[in-house]
Amino acid sequence: MALVWIVFLQTLRHDFVNFDDNKYIYENAQVSRGLSFQGIAWAFTHVHSENWHPLTTITHMLDCQLYGLRAGGHHFTNIVLHSVAVVLLFLVLQQMTGGPSSPRDESVSPRRPDWTGNIWRSAFVAALFAIHPMRVESVAWIAARKDLLSGVFFMLTLLAYVRYTRAPSVSRYVLLAILFACGLMSKPMLVTLPFVLLLLDYWPLDRSRRSEVRDQKPEAGFKRQSWINLILEKTPLFALSAASCAVTILAQRPTISSLAGLPLPWRVGNAIVTTVNYVGQLIWPANLAVLYPHPRGEQSGWLISGAAFAIVAITVLAVFFRKKYPYLLVGWLWYVGMLVPVLGLVQVGLQGHADRYTYLPHIGILIALTWGVADLTERWRQRELILKGSAATAIVILTACSYRQATYWRDSISLWAHTLAVTSNNDTAHLCMAEALLQRGRLDEAIVHSQAAIAIRPENAGAYGRVPVVLSDKQAQSAVAYWENRLKSSGLDTDAHNNLGVVLVQSGDPRGAIAQWEASLAIKPNDGNAQNNLAWVLATYPDATIRNGNRAVELAEKAAALPGGQDPIVLRTLAAAYAETGQFSRAIETAEHAAELATARQNPSLAETLQNEIALYRANTPHREIPKRQ
């Protein structure tokens, strides 16, 4: 546990980042107001950021209750949860493997187990899990809380399962099911946990009647069961997994449908390569990033074929050696099985793969490698000295690498600068960097990054309403064509309507833009982006035939009342709408509040812009603006 704090103590001084932390915490009014009965009810009855994970949401509410929006307190909770998960992993492994140090060790009596050997192996796996650089994303990123909380419940479920297998009872099974349900309500990635329990039935619990594990003997009074009975035993758990899958698909439907442009062959190819890449990153964790762009079918056939061959070869070898080294098969299938929900076969998000997805799957590989190395070196001279020296060296090196990786998470600009340095063609990283720079008032640099994102993928034009976008005619035409094609394939895509509206108004077609935002509001009346965009144009466009002050006030007030609506951008729109209807005193008051928020959020450029507009309102003059063109 000390290693965890050595690596992650620095995050107590880190800030929030502008990648999901805003949606999960500091721009979410339901969460940021703290813990309450109403908030708990909301967490269980509402989808949060295209996910239903009420227990995770409640922990964020509790953090806001205890620490407010001071990021250090939220980071502290993440460190504590990861520390608990590490300790529980050690206990799980020690209890499950508390027999002979290996099934092949005939010199050790089953009645006198070599506890020391298994304690060291369990401790080494837990140490690597604690401080491997690929764990940094889950711990240093506040929005990745769901990995840590689900990890704690995952370990508790395994402990409850071990306790149940040794003395089965209804009460113990109910406890097991409750812990599993809590894990699913923390992060639905745990849907494959019943499959992991079946693997543990094979090794190290050895619950199958047809055991193939050489020399492994059951405890006195222990009765093995058929595989059919073992599967049937887990039927309630599989039912919980099925229910979680259904809820997750419903919650993530907007994101899934918005990425329908990724054909199945692209997704399958990327999943195959990703499975092998994660193993490579476990062994050589270099160039780690918060977001790796999806290759979108650009991977070569040779790369995909080679990765597929590697997966098949490892699986065949694990099956072949299953009697002698059962942990190889269990560890490998643990890894692959837990990865299935996040391999992108049903794509959710913009990433090709992500470090956080390996938080629990990598444990399977660590078990296989640790137990395998210990057995293969059994006859070495000075074995204990070599293994302990190698383990200590690996832990020291990985701790240093993780400490450095965690430094990149100190703020948004540092995070995205590192991401852009280690990835290529990362349009999302450019957009997020542009937003972070804009928040700091570095407008010229923000425009450079937004233009870079558009150069990589023209459809990014309009995708981020807060980022300054300056379009050339060619870029505007490409972006319009893209979003129009998206709408043809999915007429209910509010993101496509919103983004097409932004591009159209930038292209000099405000009426076309208004039609798109009205269409978005017809589908989703509380779409804050559409409300704000439409209100801005109706309040500030120079053409009097376009403006509609009363409608602008109505829309802007609704946008300001939504979660996250107390944002300086939204309040700027509301002030402009008040000015258009002649309510200059309210416009001044609202704009001054927006300027205060912009200053507090370290956005001096926006604060200066608002001060200029306040001067107009003091002179009883509404603001007028035409979107810039190149």
Checklist outcome for this item: Taking 0.36 nm per residue of separation between residue 316 and residue 554 and subtracting their Cα-Cα distance, the length gained on full extension comes to 79.2 nm
Checklist entry - What FRET efficiency would be calculated for the residue pair residue 544, residue 477, taking the C-beta separation as r and a Förster radius of 25 Å, to the nearest 0.05? => result 0.30
Checklist entry - With labels modelled as points extended 7 Å from the Cα through the Cβ direction, what inter-label distance (nm, one decimal) is found for residue 562 paired with residue 46? => result 1.2 nm
Next on the checklist: How tilted is helix 427-439 with respect to the longest principal axis of the chain? Cα atoms for both, answer in degrees (0 to 90, nearest 10).
Outcome noted: 60 degrees
Item to check | 5 angstrom amide H check on residue 353, placed H, neighbours 5+ away | outcome: 292
Checklist entry - In which sequence would 480, 279 go, from the one with the fewest C-beta neighbours within 10 Å to the one with the most? => result 279, 480
Item to check | region 569-585 - phi-based ³J(HN,Hα) in whole Hz, Karplus 6.51/-1.76/1.60, Gly and Pro as x | outcome: 5, 5, 5, 4, 5, 4, 4, 5, 5, 4, 5, 5, 8, x, 8, 5, 5
Checklist entry - Roughly how many Å is it from the Cα centre of region 396-459 to that of region 1-68, as a whole number? => result 23 Å
Checklist entry - Once amide H atoms are built 1.01 Å from N in the peptide plane, which residues 5 or more positions from residue 18, or in another chain, come under 5 Å H to H? => result 412
Checklist entry - Nearest 0.05, what FRET efficiency do residue 5 and residue 585 give at R0 = 60 Å with Cβ-Cβ as r? => result 0.65
Item to check | Radius 13 Å from Cβ of residue 15, net charge of other residues (Lys, Arg +1; Asp, Glu -1) | outcome: +3
Checklist outcome for this item: Scalar couplings 3J(HN,Hα) for region 227-239 by Karplus 6.51 cos²θ - 1.76 cosθ + 1.60 (θ = phi - 60°), nearest whole Hz, x for Gly and Pro, are 5, 4, 5, 5, 6, 4, 4, 9, 4, x, 5, 5, 5
Item to check | 9 Å beta-carbon shell around residue 530, net charge (K/R +1, D/E -1) | outcome: -1
Next on the checklist: More than 20 angstrom separation, counting every C-alpha pair in region 526-630; what % is that?
Outcome noted: 32 percent
Next on the checklist: Could you sort the peptides 538-551, 56-69 by per-residue average Cβ neighbour count (10 Å cutoff), highest mean leading?
Outcome noted: 56-69, 538-551
Checklist outcome for this item: Between residue 225 and residues 5 or more places away or on another chain, the pairs with built amide H atoms under 5 Å apart involve 208, 209
Checklist entry - How long, wide and thick is region 275-334, going by the Cα atoms along their three principal axes, in whole angstroms, largest first? => result 41, 25, 16
Checklist outcome for this item: With R₀ set to 22 angstrom, the calculated FRET efficiency between the beta-carbons of residue 69 and residue 414, to the nearest 0.05, is 0.65
Checklist outcome for this item: Of the listed links 524/558; 23/524; 23/558; 23/146; 323/388, those spanning more than 21 angstrom between alpha carbons are 323/388
Checklist entry - Excluding residue 96 itself, what net charge comes from residues whose Cβ is under 12 Å from its Cβ, given Lys and Arg +1 and Asp and Glu -1? => result +2
Item to check | Mean Cβ neighbour count within 10 Å, used as a protection proxy, ranking 26-35, 160-169, 554-563 highest first | outcome: 554-563, 26-35, 160-169
Checklist entry - Can you list the HN-Hα couplings for region 176-189, worked out from phi with the Karplus curve (6.51, -1.76, 1.60; θ = phi - 60°), rounded to whole Hz and with x for Gly and Pro? => result 4, 5, 5, 5, 5, 4, 5, x, 5, 7, 9, 6, x, 4
Checklist entry - Using alpha-carbon positions, what is the distance between the centroids of region 309-364 and region 137-195, in Å? => result 19 Å
Next on the checklist: For the chain, what does the relative contact order come out to in percent, with C-alpha contacts under 8 Å and a separation of six or more?
Outcome noted: 12 percent
Checklist entry - Expressed in nm to one decimal, what extension gain is obtained for the pair residue 608 and residue 298 from 0.36 nm per residue of sequence separation less their Cα-Cα distance? => result 107.2 nm
Checklist entry - Nearest 10 degrees, 0 to 90: what angle lies between the long axis of helix 193-202 and the longest principal axis of the chain (Cα atoms)? => result 10 degrees
Item to check | Tail fraction, Cα-Cα pairs, the chain, threshold 39 Å, whole percent | outcome: 37 percent
Checklist outcome for this item: What helix-only [θ] at 222 nm does the chain give? Using -39500 (n - 2.57) per DSSP H run of at least 4, over all residues, to the nearest 500, the answer is -21000 deg cm²/dmol
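Laboratory data are not the source of any read-out in this text; all were calculated from the coordinates shown. These numbers were taken from a predicted model, which means no experiment stands behind them. Please note: Cβ atoms are built from the backbone with ideal geometry, for glycine as well, and neighbour counts cover all protein chains shown.
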